[in-house]
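Report on one structure; see the data block that follows.
The values are calculated or read from the model by the stated rules, or taken from the named source; none is laboratory data. Just so it is clear, the structure is predicted and the values come from calculations on it, not from any experiment. In this analysis, Cβ positions are derived from the backbone assuming ideal geometry, glycine residues included, and neighbour counts consider all displayed protein chains. Remember, those area values only see protein heavy atoms, side chains included, never the ligands or the DNA or RNA. Shrake-Rupley method; radii C 1.70, N 1.55, O 1.52, S 1.80 Å.
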Amino acid sequence: GEVITYDIVEKMVSRPLEDDVFMLSNALCHKDIGLAISIYKDLKVKSAESVSLIRLLSREFRFLNQVAFLRDRGYSIDQMMSELNLKYGRIKAGLNSLRYIETEDVGKMLESLYQAELNIFTGKVDQDIAFQLLLANFAS
């Protein structure tokens, strides 16, 4: 038989949805809309619901907003860890993401996510179209 390598296992085992959403939010923070769309398409192949992605992205951008708020008030990483009850790596990842996106853009994304979810639940727009519009609007 064939030797099973790490690459083979990685291709066979899917990542948790939260990991994919983290990659998606990173792509958005880096303003890499092409990568964001590619990740979104991969998630759709895995049957991820767009409304679930919106909720998870909202959680991620709320976290970034909290970290930015604390950073702007001079909190240290240790103080942020205590305040947000999170581990060092999570705070550090948030601070790293904030190097690529303005705090104002985090707020705009939160508003866009809220609006997309509202439009879906009031029946104004299909969830997939809402998500695609969200990506397109963030790109501009």
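Descriptive notes on the structure:
- Within segment 59-72, residues that are closer than 11 Å to Phe22 by Cα reach partners that are of a type outside the set (Val, Ile, Thr) and open to solvent by less than 60 Å² (accessible area, probe 1.4 Å) with beta carbons closer than 8 Å, at six or more positions or on different chains, in the pairs Glu60/Ser25; Phe61/Ser25; Phe61/Met109; Phe61/Leu110; Phe61/Leu113.
- The C-beta contact set for segment 37-58 (first residue more than 14 Å from Asp19 (Cα to Cα) and free of Cβ contacts under 8 Å to residues at least 12 places away in the same chain, second residue of a type in the set (D, E, K, R) and in a helix (DSSP H, G or I), distance under 6 angstrom, 6+ apart or interchain) is empty.
- The numbered conditions (1) within 15 Å of Val106 (Cα to Cα); (2) at pLDDT 95 or above; (3) not in a helix (DSSP H, G or I) are all true for Lys31 except (2).
- Among the residues of segment 93-128, those identified as loosely packed, with under 14 Cβ neighbours inside 10 Å and over 16 Å from His30 (Cβ atoms) are Glu104, Glu111, Tyr114, Leu118, Phe121, Thr122, Gly123, Lys124, Asp126.
- So Phe131, is it under 24 Å from Lys44 (Cβ atoms), aromatic (Phe, Trp, Tyr) and within 19 Å of the chain's Cα centre (by Cα): yes
- Which numbered condition Gly89 misses (of (1) touching a helix residue (DSSP H, G or I) at 6+ places or on another chain (Cβ under 9 Å); (2) open to solvent by less than 70 Å² (accessible area, probe 1.4 Å); (3) not acidic (Asp, Glu)): (1)
- For Ser50, the criteria (1) surrounded by 19 or more Cβ atoms within 10 Å (Cβ to Cβ); (2) among the hydroxyl-bearing types (Ser, Thr, Tyr); (3) at pLDDT 95 or above hold in every case but one, which is (3).
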